[in-house]
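The values are calculated or read from the model by the stated rules, or taken from the named source; none is laboratory data. Only a predicted model underlies this, so the values are computations on that prediction, with no experimental measurement involved. Please note: Cβ atoms are built from the backbone with ideal geometry, for glycine as well, and neighbour counts cover all protein chains shown.
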Amino acid sequence: MAIKEPVFSYRKYRVTPSVDYIPCLPVKKSLGFVLQDFSTATRIPKGAEVTFVAKYDNDLVEVRFTVENSKEFYHVLVMSDFICENLLPIFRKN
C-alpha cells in the first residue's frame, strides 16, 4: 500500500517495482561549510531507497535517494503526490 504523506528526515522508503522510474528535477546543494556538492539526477529508479529532506511548497518536495550497491546520495525535487503513490515504507529491525 502506497504512503499518504511523507515523514521527513529519518524514515526510509523504497520505490515500488510497479514503475521503472519516477521523473524528478535536479537540485544542486552543498553540505554547508564542506565544499562537496551532492550528486543529482533526473529520474529515481525502481528499487531506490528514498528519504524526504524538505518541503518546498504544496506540490514539490526535496528527497535524497541511493541506488542499490551505491553509497552515493542523489538530491532531487519531485512532485509529492506522484512520489507518494509510488513508495513503500521500509521496515528494518535494528
**OP:** May I ask you to list the residues in the range 67-94 that are closer than 15 Å to D20 by Cα and either touching a His at 6+ places or on another chain (Cβ under 8 Å) or of a type in the set (V, I, T) (or both)?
**Re:** V67, I83
Original post:
Among the residues of the range 16-39, is there at least one that is under 14 Å from I90 (Cα atoms), modelled with pLDDT of 90 or more and not hydrophobic (A, V, I, L, M, F, W, C)?
Top reply: yes
Original post:
Between residues in the range 81-94 that are loosely packed, with under 10 Cβ neighbours inside 10 Å and residues that are modelled with pLDDT of 90 or more, which pairs lie under 9 Å by C-beta distance while being six or more apart or on different chains?
Top reply: R92/K12
